[in-house]
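The structure that follows is given in the form of structure tokens.
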2 protein chains.
Amino acid sequence: MENRVDALLVTDLINIRYLTGFTGSNAALLVYAWDSSEDRTVICTDGRYITQVGEQVPDLRAEINRASARRVLEIAGEWQTGRVGFESHIVTVDQHQGFQALKAGLDLVPIPGLVEQLRMVKDGYEVAQLRAACDAADAALATLIERGGLRPGRTERQVARELEWLMFEHGSEAVSFETIVATGVNSAVPHHRPTDAVLATGDFVKLDFGAVVGGYHSDMTRTYVLGRASEWQREIYELVRASQQAGREALAPGAATKAVDAASRKVIEAAGYGDLFVHGLGHGVGLQIHEAPGIAKTGTGTLLDGVAVTVEPGVYFPGRGGVRIEDTLVVRKGGPELLTRTSKDLTVVD
Amino acid sequence: MENRVDALLVTDLINIRYLTGFTGSNAALLVYAWDSSEDRTVICTDGRYITQVGEQVPDLRAEINRASARRVLEIAGEWQTGRVGFESHIVTVDQHQGFQALKAGLDLVPIPGLVEQLRMVKDGYEVAQLRAACDAADAALATLIERGGLRPGRTERQVARELEWLMFEHGSEAVSFETIVATGVNSAVPHHRPTDAVLATGDFVKLDFGAVVGGYHSDMTRTYVLGRASEWQREIYELVRASQQAGREALAPGAATKAVDAASRKVIEAAGYGDLFVHGLGHGVGLQIHEAPGIAKTGTGTLLDGVAVTVEPGVYFPGRGGVRIEDTLVVRKGGPELLTRTSKDLTVVD
């Protein structure tokens, strides 16, 4: 094989966490190919993490050196490793120049996105973390609504902070991304930042938020109506709900990602609102909130059993309001596993 | 000049925000040299940000294209720009290869860190943002203590969440970084993550946290004693306080960063605890929580009037406890301006 390498230098910290469990802020990992004559895989980090690397990665040789990538390449050179792949989608031009200046006698080969490919399919442990993150988000939203947190007179910012607080109370270790709370006309902005805008009777209120457990992210959007739903609100809500259901039902091992997008999008297009669904249908989710695979019109590739994704169609009427409904799911034979379990019935919050 | 370029391609989003005010998540900026025959500077972003780019950057030509860097390089090519600098410390090997594959007739020249150099010196608007962020953090900590939030029986995690909540209430738009609350033996870990460890009488409690206003970050550490201070706690606290004061007093335009580190460090070394001060003295702070300049033993360069930095010495006794005291300041002729104004007297919280 032309791209055959003897070892892979991994410098992306999320990829290192995925492969080893190490969560420090400085690391490089040199992974030798499976048929290497002995197991030479080595991780390098700096002095702040001496204890931590021993605890989190007890089974690998650990080097301590601030210049972590440089150090493992030196080791690769000492072992006359020959061809070493590197993450060319992560390594900067300056870093690459530094690697070459080492003159370690290595042939550095660009290998972009390899670990990201592996990360798409989640194993049982990873799905358990995703499930726990989704549970924390579900529980936080239920508590928010129960205690009257979604009511006319509160600001978007207040609701966002309370929702984040409740996620922590329910076991989240961080927020998955900046929480979106968008009321009234703001609900027409796909990625609105919470402001001091006040929730009012008759508003759509769109909430897009997530929890993190064990490093794994949840992602969910729900849209509610405050007070009473008007005719156009019911119509548009049911349309997005049907579109979202069609997208979920299209998730299957072997399905082309663009076919999944199309299954959901055609429901909205058939109603004449295709140009108001202004973004892709979804994305992979895991140690990052956005990761492979993308699910969009222009997507390539197909889904596999165990891939975790979001399905999140939306329709946005500028200056009026919008609806998005989003779940996090795991692709499975026999139908996807739904991780975000909050009801998607049109909910009128009084 | 050998490094003379006709234009600079800026792809780092923080640098683009600094230069233009644009805060979207996809952008490229092509800045022409001041003596260019006409003002051709152009920003490119994607369709999600059509409205936003017009509002935030009304004075620049805006292009709309998902492949933002590629698009502005095409424009540079159409204008036969010749030598175009790029941020070689940011641009990945794959991106660089993509730029070259455009065959736009450009000579791409690595220009690392230029905008970061400009960002070190803060103007009046920037200092006002930093001051507001530091005020929010000061106010949050005062409120936390007033309402009894720091008391035996609470967990590190509870204290961290409440402090973050209070920063939002006092006007912060985000947390500057993951809040550190470290009690008892955990205070000996420089960058401890909050756990369910319970605050107990006699503990050192170390709080390291920050607010964000207008994109600008504050950074402050305070260490308290719960209940009553023992002799060794008083001693070590006063030592770190004296060291921190020496570091602050060494801040001046023209001072070498390593001399500032040395001024603070020698106080701790003279007491025989030099090996327990395991990190650098401080760092620049602004649109990022860590930015140029670093202030450390191995630092190079000198300070300028208007540079914003932290001064944060610490002494850590493994298995016993530690103290760090940190302020955010602006270097000024006649003495630095202190932005984090919470008292540094040894405070015993009852």
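What follows is calculated from the coordinates using simple rules that are stated; it is not laboratory data. Just so it is clear, the structure is predicted and the values come from calculations on it, not from any experiment. Methodologically, a virtual Cβ is constructed for each residue, glycine included, from the backbone with ideal geometry; neighbour enumeration extends over all protein chains shown.
Report, for chain A, the % of DSSP beta bridges that are antiparallel, rounded to 5.
On the way: 38 of 51 bridges.
Close to 75 percent.
While we're on this one: Enter the angle in degrees (range 0 to 90, nearest 10) between the Cα long axis of helix B:68-78 and the first principal axis of the Cα atoms of chain B, meaning the one along which they spread out most.
40 degrees
Just to confirm the filter: which chymotrypsin sites (Phe, Trp or Tyr not before Pro) across the range A:104-184 are DSSP coil and have at most 13 other Cβ within 10 angstrom of their Cβ?
Sites meeting the loop and neighbour criteria: none at all.
Compute the angle between helix B:124-146 and the longest alpha-carbon principal axis of chain B, please, reported from 0 to 90 degrees and rounded to the nearest 10.
In chain B, helix B:124-146 runs at an angle near 30 degrees to the longest axis.
Mind checking the mean number of beta-carbon atoms from other chains within 10 Å of the Cβ atoms in B:91-102?
Details: counts 3, 11, 15, 8, 4, 4, 4, 0, 1, 0, 0, 0.
For this peptide, the per-residue mean of nearby foreign Cβ atoms is 4.
If you count, for each residue, the other Cβ atoms within 10 Å and average over each peptide, how do A:307-318, A:14-25 line up from highest to lowest?
Going by the mean number of other Cβ atoms within 10 Å, highest first, we get A:307-318, A:14-25.
Lys and Arg at +1, Asp and Glu at -1: add these up for the other residues within a Cβ distance under 10 Å of B:Thr195 and post the number. Mind dumping the intermediate values first?
Details: positive: B:Arg157, B:Arg193; negative: B:Glu156, B:Asp196.
So the environment of B:Thr195 carries a net charge of 0.
Name the lysines eligible as straight-distance cross-link partners of A:Lys344: C-alpha to C-alpha under 19 Å, and not fewer than 8 places from it in the same chain.
A:Lys206
Same structure, new question: GNM, chain B, Cα, under 10 Å: largest mean-square fluctuation among B:Thr41, B:Thr300, B:Thr51?
The residue that fluctuates most here is B:Thr51.
For n ≥ 4 DSSP H runs only, could you compute -39500 (n - 2.57) per run for chain A, divide by its residues and tell me the 222 nm figure to the nearest 500?
That comes out to -10000 deg cm²/dmol.
Take every DSSP beta bridge with both residues inside the range A:2-119 and express the antiparallel ones as a percent of the total, to the nearest 5. Display every interim value, and only then the final one.
Working: 7 of 18 bridges.
Roughly 40 percent of the DSSP beta bridges within the range A:2-119 come out antiparallel.
Tell me which lysines have Cα within less than 22 Å of A:Lys333's Cα, excluding those fewer than 8 residues away on the same chain?
Cross-link targets: A:Lys122, A:Lys258.
Cβ under 13 Å from B:Glu178's Cβ, B:Glu178 left aside: what net charge do those residues give with Lys, Arg +1 and Asp, Glu -1?
Numbers: positive: B:Arg157, B:Arg161, B:Arg193; negative: A:Glu173, B:Glu156, B:Glu164, B:Asp208, B:Asp219.
Net charge around B:Glu178: -2.
Add +1 for every Lys or Arg and -1 for every Asp or Glu among the other residues with Cβ under 13 Å from the Cβ of A:Ala136, and state the total.
Net local charge, A:Ala136 excluded: -4.
In addition: For the range B:112-123, take each phi angle, set θ = phi - 60°, evaluate the Karplus expression 6.51 cos²θ - 1.76 cosθ + 1.60, and give the result in whole Hz per residue in order, putting x for glycine and proline.
x, x, 5, 5, 4, 4, 4, 5, 4, 8, 9, 8
Taking H as built 1.01 Å from N, whose amide H comes closer than 5 Å to the amide H of A:Thr195, not counting residues under 5 places away?
A:Glu156, A:Arg157
Let me ask something additional. Less than 13 Å apart at the alpha-carbon level, and either on another chain or at least 8 residues along: which aspartates and glutamates does that give for A:Lys103?
Within reach: A:Glu74, A:Glu78.
Picking from A:Ala270, A:Ala132, A:Ala292, which is most flexible by a Gaussian network model of chain A using Cα springs under 10 Å?
A:Ala270
Another question about this same structure. In the protein assembly as shown, what % of DSSP beta bridges are antiparallel (nearest 5)?
On the way: 77 of 103 bridges.
For the protein assembly as shown, the DSSP antiparallel bridge percentage is about 75.
Next question, about the same structure. Mean-square fluctuation check for chain B, GNM, Cα pairs under 10 Å: which of B:Lys266, B:Lys333, B:Lys103 is largest?
Highest fluctuation of the listed residues: B:Lys103.
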